[in-house]
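Q: Before anything else, here's the structure in question.
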């Protein structure tokens with residue numbers, strides 16, 4: 001672990017935060033390898049003679065491992081980025097080395113697909129340690145007014161990396177053991193980025209300077225001329241922060257001494273104003289309170305269903321293409337979602353920050369859920385047409401961009417930064433479980449139409465059931481998002497979400 005000298009100037013502090021963002025982007029890039037499963041799914045199926053249901057099991061447990069982010073999230077909240085990165089290093093490298101070894105015993109693992117699925121599950125768990133460190137540390141370090149941009153930049157690396165890994169797999173790996181070589185590449189990559197995270201990622205927490213918002217109580221005659229959003233803010237001066245480091249957790253803390261001056265005339269008129277303190281940190285709830293909170297369930301299940309739809313399509317796009325006799329375009333199809341997400345994540349993050357007061361983040365998220373609805377409907381009805389299959393895949397990528405960029409930001413704004421690891425971990429755990437169910441149903445329906453003695457199924461009948469289920473989940477996610485907006489539209493804090 002590197003021993004940083006305590007920054008003595010804002011410039012030094014800014015440099016360390018920026019360095020942490022760069023390392024976070026590299027870490028997110030490598031963890032994005034989870035979503036490249038569709039690239040090697042066919043080789044996995046033929047190498048180990050798996051049925052489609054067994055292939056779906058491997059994919060689902062990989063994502064279920066990512067969904068086990070609840071536990072790494074708790075570890076992060078308690079011990080910070082250094083120890084969490086160390087745990088990710090051990091788990092990820094070990095799991096990918098086990099997957100690398102499976103090709104040497106293909107016949108054995110062909111009969112024991114559950115064991116290989118367990119390896120994928122552990123890979124997912126290892127990845128989420130790195131994911132949590134990269135995301136949470138940078139969310140905490142940067143001001144909330146830039147949160148959409150920061151998460152968007154991180155997500156662009158996370159979602160865009162499958163396009164790079166796809167090119168490496170199709171163009172760079174030419175041997176007969178491409179799957180094994182790919183797993184070895186992931187083992188080395190995770191070792192590299194986790195070591196960087198251990199060395200460079202630190203939390204720079206500061207006690208936020210709160211703003212006292214004075215709401216003038218208008219007279220009866222004046223009330224019709226004043227907007228409810230009109231407020232008068234009193235700003236306070238603060239001293240330069242002093243920095244101290246907690247070496248065991250990689251957390252660096254700032255203490256601010258505030259110099260608050262209040263005019264005597266304000267004291268005299270205190271009875272005429274209402275004083276509100278805006279913490280900008282969301283509502284801090286215990287786990288029991290969180291699970292009983294209506295907003296948490298509406299928001300989380302909206303994300304869970306939408307994320308599951310995106311995950312199912314991304315992991316099965318090559319299977320869908322082969323069923324529709326379009327597998328000659330696999331090399332192009334697998335790039336659509338990563339490229340779309342890499343570009344749109346930053347754009348959506350910037351727009352959500354700039355227009356936050358006019359277009360709440362939740363409105364953008366409901367639009368993203370609607371993109372999933374249209375995407376699944378287009379593929380279900382017109383999937384045989386290559387151009388419309390591209391359109392459906394693009395709309396799915398657009399929805400994924402918004403969901404994975406804005407949902408972490410909204411979660412932190414609604415339910416406190418201090419528990420972001422726990423809260424966001426619960427959300428991605430539920431998304432992984434629901435994704436597992438949808439993908440297993442997809443695989444079961446697909447296998448039901450496979451001719452005995454073969455591995456593949458051809459025609460819309462093979463995928464209609466799975467796509468129809470995804471379409472239903474997408475419609476429900478739109479309904480939950482709309483319900484959240486209707487429930488909260490009269491609350492003043494909704495403007496910030």
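Nothing in this text is a laboratory measurement; each read-out follows from the coordinates by a stated rule. Keep in mind the model is a prediction, meaning the values are calculated, not measured. Neighbour counts are summed over all protein chains in view; Cβ atoms, including those assigned to glycine, are modelled from backbone coordinates with ideal geometry.
Q: How far apart, in nanometres, would the label points at residue 287 and residue 472 be if each is projected 7 angstrom from Cα along the Cα-to-Cβ direction?
A: In this crude label model, residue 287 to residue 472 measures out at 3.2 nm.
Q: Next up: For a protection proxy built on the mean count of beta-carbon atoms within 10 angstrom, sort 58-67, 106-115 highest first, please.
A: Working: 58-67: 26.0, 106-115: 13.9.
Answer by packing, highest mean first, reads 58-67, 106-115.
Q: If you don't mind, another one. As a test of the definition: which semi-axes, in Å, follow for region 138-178 when you take the square root of five times each eigenvalue of its alpha carbon gyration tensor? Largest first, please. Don't jump to the answer; show the numbers that get you there.
A: Details: eigenvalues 244, 13, 4 Å².
After diagonalising the Cα gyration tensor, the semi-axes are 35, 8, 5 Å.
Q: Apply 1/(1 + (r/R0)^6) to the Cβ-Cβ distance of residue 347 and residue 479, taking R0 = 22 Å, and write down the FRET efficiency to the nearest 0.05. Don't skip to the answer; put the middle values down first.
A: On the way: r = 27 Å, r/R0 = 1.21.
Taking R0 as 22 Å, the efficiency between residue 347 and residue 479 is 0.25.
Q: Here is a follow-up. Quick check: residue separation of residue 78 and residue 327 times 0.36 nm, minus the Cα distance between them. What number comes out in nm?
A: So the chain would gain 84.9 nm between residue 78 and residue 327.
Q: Another question, if that's okay. If each residue of separation counts as 0.36 nm, what is the full-extension length gain between residue 90 and residue 448 once their alpha-carbon separation is subtracted? Please list the in-between numbers first.
A: On the way: separation 358, 0.36 × 358 = 128.88 nm, distance 3.98 nm.
Gain on stretching residue 90 to residue 448: 124.9 nm.
Q: Can you pull the three principal axis extents for the Cα set of region 1-115, in Å, largest first?
A: Cα spread of region 1-115 along its principal axes, largest to smallest: 61, 26, 24 Å.
Q: Between residue 388 and residue 12, take the C-beta separation as r, use R0 = 56 Å, and let me know the FRET efficiency to the nearest 0.05.
A: Once the sixth-power term is evaluated, E becomes 0.55.
Q: Still on this model: Using the per-residue mean of other Cβ atoms lying within 10 Å as a proxy for protection, in what order, highest first, do the peptides 151-163, 178-190, 12-24 fall?
A: Details: 151-163: 25.7, 178-190: 20.3, 12-24: 17.4.
The packing order, highest mean first, is 151-163, 178-190, 12-24.
Q: Under a crude label model (7 Å from the Cα following the beta-carbon direction), how far is residue 177 from residue 19 in nanometres?
A: Distance between label points: 3.9 nm.
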